[in-house]
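Have a look at the structure below, then the notes.
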Amino acid sequence: MEGQQILHMKGGVGEESYAKNSVIQTTYLSKSMSILWQALQDFASFDLPESVTIADLGCSSGPNTLFAVTEITSIICKRCSELGRLPPEFLVYLNDLPANDFNTVFKFLPDFQQKIQQQNGHMYICGAPGSFYGRIFPSKCLHFVHSSSSLHWLSRVPPELSDKENPVINKGKIFLSKTSPPAVINAYMTQFQRDFSSFLKCRSIEVISEGRMVLSFRARRTPDPTAEESCLVWDYLGEAFQDLVAQGLIKEEKLDSYNTPYYEPYVEDIKAEIQKEGLFSLDRMEITALPWDGVNVENKCERATTAKNMAKAVRAVNESLIQSHFGVEIMDPLFKRFAEIVAADTKEVEHVGVVASLIRK
Ligand SMILES: C[S@@+](CC[C@H](N)C(=O)[O-])C[C@H]1O[C@@H](n2cnc3c(N)ncnc32)[C@H](O)[C@@H]1O
């Protein structure tokens, strides 16, 4: 579970922070709004309790952290008003791993709460540090669970790859790739299944009957786990690592022992896992595909600008893990090289994600 103690998005609000480099995650959130809206319309059409408890899992720190909460409470309040009912009070849990920059989130809360209170009534907000692959909340206490851009993070590097005695080696790579041996591919797939199954089991205890979850995360449309749709960006980063090995800045064994605890599942495998567990029914599912240059704030950019923005976005997300394994001194050369490699190529893939709306049986 070491990775879960280390993993955090780059905190604060500086130029390199996740807060300033999460445009693509903001777009995923916006694209999930129609499914979120539909789930909340249905949810708020039933009699609601006086106090509704919501959890946002993998909240991170940045503009997206409070965006989802604002939307969720606004949609519920609007629906209540349409039905001529008083809106409920809200208790909101913001969950992430303990190393998350909760301090930055908490600093924004007083202003946020004051503003939202005028719109959506009383909202009480708590931080809930811990892994969503384990229990975080008491039984039957959650009415609505939301999570965006988080469930593609695994609870750990698959054990077969991190075995100190006899590891399966993914030569020169940091994630799945066309050259990955079948044992590596299977290890990643199995780890995702284990994690997603734990996630569903834990939430099934915490969410009330008929309670809802809307989950959006990275996924793939193709059964092939090494398709470029999922792997191209990681291949570019792997190439940058290999160049640093060639320059003598990193030892080859150090690179071979680094693997990213990340996986983009095939949408059909997600459906199958939900069905297999049988704890939630799958109400709706949609695929979202964002363009290659979706990392840019501006509309049309040159490849070199996209490459720079992609380097900042990938660094804001991966820095804690990479730095902890390789040391701080490789970070600047690594991401400089990454941007050069991306800029020099012409390939483009869409960034694919899935949004699933689930109901507790
Ligand atoms: C890319 S950020 C997404 C943040 C935000 N939801 C958004 O849409 O921008 C992913 C977040 O998931 C968190 N995360 C990853 N694994 C987790 C786990 N097992 N339990 C709780 N949070 C986790 C990470 O720490 C990170 O803050």
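For this structure, a couple of remarks:
- On full extension, the segment bounded by Ile287 and Glu252 gains 8.8 nm, given 0.36 nm per residue less the C-alpha separation.
- Each of Ser32, Pro265, Tyr236 was placed along the dipole of the chain (beta-carbon charges, centred on the mean Cα), and the one lying farthest toward the positive end is Ser32.
- Counting only Cβ charges, +1 for Lys and Arg and -1 for Asp and Glu, the dipole size of the chain around its Cα centre is about 540 debye.
- Within the same chain, lysines fewer than 8 places from Lys173 are excluded, and of the rest, those with a Cα less than 16 Å from its Cα are Lys251, Lys254.
- Overall dimensions of segment 37-131 by Cα: Rg and Dmax, Å: 13.5, 43
- By DSSP, the beta bridges lying fully in segment 2-360 are antiparallel in about 40 percent of cases.
- The lysines within cross-link reach of Lys271, meaning a Cα-to-Cα straight distance under 27 Å and a gap of 8 or more places when in the same chain, are Lys31, Lys140, Lys178, Lys201, Lys361.
- The chain: radius of gyration over Cα atoms, expressed as a fraction of 2.2 N^0.38 Å: 0.99
- Euclidean distance of C-alpha centroids, segment 154-231 and segment 81-111, integer Å: 29
- Calculated on alpha-carbon atoms, Rg and Dmax of segment 56-107 in Å: 13.5, 43
- Portion, in percent, of the accessible area of the chain that falls on carbon or sulfur, probe 1.4 Å: 53
- Cross-link reach list, aspartates and glutamates versus Lys164, counting only Cα pairs under 15 Å and skipping chain neighbours closer than eight places: Glu2, Glu253, Asp256
- Crossing angle, helix 33-45 versus the chain [Cα axis fit, 0-90 degrees, rounded to tens]: 30
- With K and R counted +1 and D and E -1, the other residues having a Cβ less than 15 Å from that of Leu358 yield a net charge of +1.
- Estimated translational D of segment 212-303 in µm²/s (Stokes, Kirkwood radius over Cα pairs; 20 °C; 1.002 mPa s): 130
- Distance cut-off 19 Å, percentage of C-alpha pairs in segment 119-200 lying past it: 53
- Estimated purely from DSSP H runs of n ≥ 4, each contributing -39500 (n - 2.57), the mean residue ellipticity at 222 nm for the chain is -15000 deg cm²/dmol once divided by its residues.
The values are calculated or read from the model by the stated rules, or taken from the named source; none is laboratory data. Because the structure is a prediction, the values reported are computed rather than measured. As a convention, Cβ positions derive from the backbone with ideal geometry for all residues, glycine included, and neighbour counts pool all protein chains shown. Accessible surface areas use protein heavy atoms only, side chains included; no ligands, DNA or RNA. Shrake-Rupley method; radii C 1.70, N 1.55, O 1.52, S 1.80 Å.
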